[in-house]
Amino acid sequence: MATDPSEYDEAIPTVAAHLAKIERAVSRTRSSHAGKPYMTVRQALVQALRDEDAQRVVPQVVDEFARRISEDPNNLPF
């Protein structure tokens, strides 16, 4: 099944907006919870994603961001 390349072009603004929401949630959580215990960070990140209306994130991605914020907050992709 082939996909029309123009469909990708049309989706890019939506994807970019969603990624910006995730970035804001991660940044806010890092600012307030860097170095705190993993479960505390994860709960805060999940809430921040909800607040940004960006809760549709793969659970493993949420786990990895929470782990990094907890253990190594300066080593994030944002």
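For the reader, a short list of remarks on this structure follows.
- Among the residues of the range 7-34, those that are among the polar types (S, T, N, Q) and within 23 Å of E71 (Cβ to Cβ) comprise S27, T29, S31, S32.
- Restricted to the range 27-63, and to residues there that are exposed (fewer than 13 other Cβ atoms within 10 Å of the Cβ) and among the charged types (D, E, K, R), the residue that is modelled with the lowest pLDDT is R56.
- Of all residues in the range 35-47, those that are over 16 Å from E64 (Cβ atoms) have Cβ atoms under 9 Å from Cβ atoms of residues that are exposed (fewer than 14 other Cβ atoms within 10 Å of the Cβ), 6 or more apart or on another chain, in G35/E71.
- Contacts under 8 angstrom Cβ, first residue in the range 14-27 being more than 21 Å from N74 (Cβ to Cβ), partner buried (at least 16 other Cβ atoms within 10 Å of the Cβ), 6 or more apart: H18/A54; K21/L49; K21/E52; K21/A54
The values are calculated or read from the model by the stated rules, or taken from the named source; none is laboratory data. Nothing here was measured: the structure is a model prediction, and the numbers come from that model. With ideal geometry, Cβ positions are generated from the backbone for all residues, glycine too; neighbour counts draw on all protein chains shown.
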